[in-house]
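Take a look at the structure below.
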C-alpha cells in the first residue's frame, strides 16, 4: 500500500458514501411517486365504478327508446372502468416492484456499504500509522518498509522487518487450512491487524511482551487467541516467520505463509521474521 | 399524473448516473490500488455493492414501464 493507494481508498470511500445517499433518496422518491400513481388510479376506479352503477340504476325504470341510449352509455362506462382496473393492476405491479427495490436498497446501504466503509477507513488508519511510525535502522540496513529487509527494530535477536510484497511462495503454496492450535481465519486477521496497529507500534515505542500481557490481564483477556501477548508471540516468539532469499532475489517463505497471506489481504506491507541466506 | 411519470423517468436516469459515477471512481481506484488487499476488498464488499447499483437502474426501468402502463390505461378510459 502506498500514498497513491491511500488516495484510491479515499476516492472509493467517497464514491460508496455518495452512491448510498443517492440510492436511498431514489428509493424513497420512487416509492412516493408510485404510491401517488396508485392512489390516483384507485380513485379513478372508484369514480368509474360509481358511474357504471348510476347508469345501471337509470336503465331499469326507463322506456325502451331511452334504454338503447343508456345501454350504449353503460357499455362505454364499463369499458372505461375495465381500463382503470387494468391500470390498477399495473400500478399494483409497479408498487410491488418499488417496495422490493426499496427493501434491497435499504439492505445494501445499511448492511453492505457501512462494513465496506469501515474496512476502507481501517486501511486508511493503518496507512496513516504506518507513515507516522519511525522505524529504527541498523547501520547499513535499509528501513524495512522501504523495500529490503530492515534492521533489528524489535529488539529480538535475529528478527528483522521484511517487506512481504517481495515474498512469493507459488512454488510452495498453502495447502492446509488456518489452524494454528485451533485458530480461525478470523483470528489470524485479528492478529495481523492488531500486530500492525497496536503491537508493532508499541514494540517500536519500547513496550515488552510483559507490557502487553499486563494490558491483556487488565482487560480480562487471560485465555484465547485474541490477546496482545499472543500476537507478540505469533510474530516475535519462538516460531517467527522464516524468510529466505532465492537465487533470483525474491523471498521464499518457509514458515508462516498463512500469516503472510492474511497480512497481504489486509494491505499490510511488511512483517517481522527471520531471514536466512 | 404526467408529472409522476416524468419524475420516475428522472429517477431512473439518476440511478443510472449514480452507477456510472461509482464505476468511474472504481476504475480510477484500479489505477493506483490493485494489490491483494484490493482484490480481497472487491470480493468481500465492493462486488455486491456494484451489482446493487447496476440492478437499481434496471429495476427502476421496470417500475417506470409498469407505472406508465397504469397511466396509459387510465388515459384510454
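Before moving on, here are some points about what is shown:
- Taking the stretch A:218-277 and dividing mean pair separation by its residue count, relative contact order in percent (alpha carbons under 8 Å, at least six apart): 34 percent
- Peptide B:28-34 has a mean shielding of 6, counted as Cβ atoms of other protein chains within 10 Å of each residue's Cβ.
- Fraction of antiparallel bridges per DSSP, the protein assembly as shown only, in percent to nearest 5: 65 percent
- Packing order of peptides A:89-96, A:40-47, A:218-225, highest average first: A:89-96, A:40-47, A:218-225 (average count of other Cβ atoms within 10 Å over each peptide's residues).
- Take each residue in A:75-87, count the other chain C-beta atoms within 10 Å of its C-beta, and the mean is 3.
- Using just its DSSP H runs of length 4 or more, each adding -39500 (n - 2.57), the protein assembly as shown gives a mean residue ellipticity at 222 nm of -22500 deg cm²/dmol after division by all residues.
- Ascending count of other beta-carbon atoms within 10 Å, so fewest first, for B:33, A:195: B:33, A:195
- Cα gyration tensor, the protein assembly as shown - rounded (a/c under 1.5), prolate or oblate: prolate
- Residue A:222-residue A:122 pseudo-label distance in nm [points 7 Å out on the Cα-to-Cβ vector]: 2.8 nm
- 0 to 90° range, to nearest 10: angle between helix B:47-76 axis and chain B longest Cα axis: 10 degrees
- Against chain B, whose longest principal axis comes from its Cα atoms, helix B:2-32 is set at around 10 degrees.
- Take each residue in A:36-47, count the other chain C-beta atoms within 10 Å of its C-beta, and the mean is 3.
- Note on the stretch B:2-76: Kirkwood radius taken over Cα pairs, Stokes-Einstein applied at 4 °C and 1.567 mPa s, translational D equal to 91 µm² s⁻¹.
- When the Cα gyration tensor is reduced to axis lengths a ≥ b ≥ c, the ratio a/c is 1.5 or higher for the stretch A:3-132, and with a/b above b/c it is classed as prolate.
- Structural descriptor for chain B: relative contact order 59 percent, calculated from alpha carbon pairs under 8 angstrom and at least 6 residues apart.
Only the coordinates and a few stated rules stand behind these numbers; no lab work does. Predicted model only: the values in this text are computed from it and were never measured. Using ideal geometry, Cβ is built from the backbone for each residue, glycine included, and neighbour counts are taken over all protein chains shown.
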